[in-house]
Amino acid sequence: MRLELQGVSKKLGAETHLYPLTVALVPGAINIILGATLAGKTTLMRLMAGLDKPTEGKVIADGVDVTGVPVRERNLAMVYQQFINYPSLTVFENIASPLRIAGQLSEEQIHSRVNSMAERLHISAFLDRHPAALSGGQQQRTALARALIKEAGLLLLDEPLVNLDYKLREELRSELTELFSSGKTTVVYATTEPLEALQLGGHTIVMHEGRLLQHGETLAVFKDRKSTRLNSSHT
């Protein structure tokens, strides 16, 4: 999916959460939104998803203005910081739920897709369990599997690994990079960690207090940031 934000901003009453910005995501690639807490990352992602409408500006998807189109009518999936799974459903049914809602596949096709996705995310052994019986890492893998199985044009990941311990974060981050390498999905990944952005590669949008500071290839952005810091230290 080609997604472009044209002069979008977001205000709540007298408070500005996002100052006017224009940015185009790189289609079929990992687009990282990097910034500290309250930088505007989640606000920006909610505008991309259609969960909120911008105060000003437009959201353009594949050349079509979708500014007022609700999230349920858009071709996207989201994963949040929290382990959001349906507690009354097994892992299998959690992953299968988007396919059942779409109603376009046979039961045999659903089983094949779910089993394949569970294998890719190393949760095949837990398909008959309920989320409460899983570890944090297994729950987040389940949430990721449910989002990925939709094969949506846009996948939004809002700090999806932040609640996991260091070892699990490293393991899942490596797997995610491999999963997204096909170029079929435009991925947006929000993080507060510069090192995580570097490890994921792709392209990075740097945010600070609701403003867009930089946007470009991740390595180029970091080289520019380093150069700026060095130059400022000598002035």
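The values are calculated or read from the model by the stated rules, or taken from the named source; none is laboratory data. Note that the structure is a prediction, hence the values are computed from the model and not measured. Cβ atoms come from the backbone with ideal geometry, glycine included; neighbour counts cover every protein chain shown. Heads up: the accessible areas ignore ligands, DNA and RNA and are worked out on the full protein's heavy atoms, side chains in. Shrake-Rupley method; radii C 1.70, N 1.55, O 1.52, S 1.80 Å.
Within the stretch 75-91, being buried (at least 19 other Cβ atoms within 10 Å of the Cβ) and not aromatic (Phe, Trp, Tyr) holds for Leu76, Ala77, Met78, Val79, Asn85, Val91. Within the stretch 103-118, the residues that satisfy the criterion of being touching a residue at least 24 places away in the same chain (Cβ under 8 Å) and open to solvent by less than 60 Å² (accessible area, probe 1.4 Å) are Val114, Met117, Ala118. Of all the listed residues (Thr204, Thr185, Thr218), the sole one being open to solvent by 30 Å² or more (accessible area, probe 1.4 Å), within 28 Å of Asn75 (Cβ to Cβ), touching a residue at least 60 places away in the same chain (Cβ under 8 Å) and touching a Leu at 6+ places or on another chain (Cβ under 7 Å) is Thr185.
Among the residues making up the stretch 30-51, those that are surrounded by fewer than 18 Cβ atoms within 10 Å (Cβ to Cβ) and either touching a Ser or Thr at 6+ places or on another chain (Cβ under 9 Å) or assigned to a strand (DSSP E or B) (or both) are Ala36, Thr37. Scanning the stretch 144-154 for residues that are in a loop (DSSP other than H, G, I, E, B) and either modelled with pLDDT of 95 or more or open to solvent by 30 Å² or more (accessible area, probe 1.4 Å) (or both) gives Lys150, Glu151. Among the residues of the stretch 59-114, those that are assigned to a strand (DSSP E or B) and under 30 Å from Asp165 (Cβ atoms) comprise Leu76, Ala77, Met78, Val79. Any residue that is under 17 Å from Ala152 (Cα atoms) and free of Cβ contacts under 8 Å to residues at least 40 places away in the same chain - is there at least one of those in the stretch 34-48? Looking for residues that are under 17 Å from Ala152 (Cα atoms) and free of Cβ contacts under 8 Å to residues at least 40 places away in the same chain, one finds at least one in the stretch 34-48, hence yes. For the criterion of being in a loop (DSSP other than H, G, I, E, B), open to solvent by less than 80 Å² (accessible area, probe 1.4 Å) and farther than 27 Å from Ser9 by Cα, Leu168 fails.
Taking the criterion of being more than 11 Å from the chain's Cα centre (by Cα) and on the phi > 0 side of the Ramachandran plot, the residues of the stretch 137-189 that qualify are Glu151, Gly183. Look through the stretch 128-143, keep the residues that are in a loop (DSSP other than H, G, I, E, B) and under 17 Å from Gln81 (Cα atoms), and return whichever of them is most open to solvent (accessible area, probe 1.4 Å). Residue satisfying both the conditions and the ranking: Ser135.
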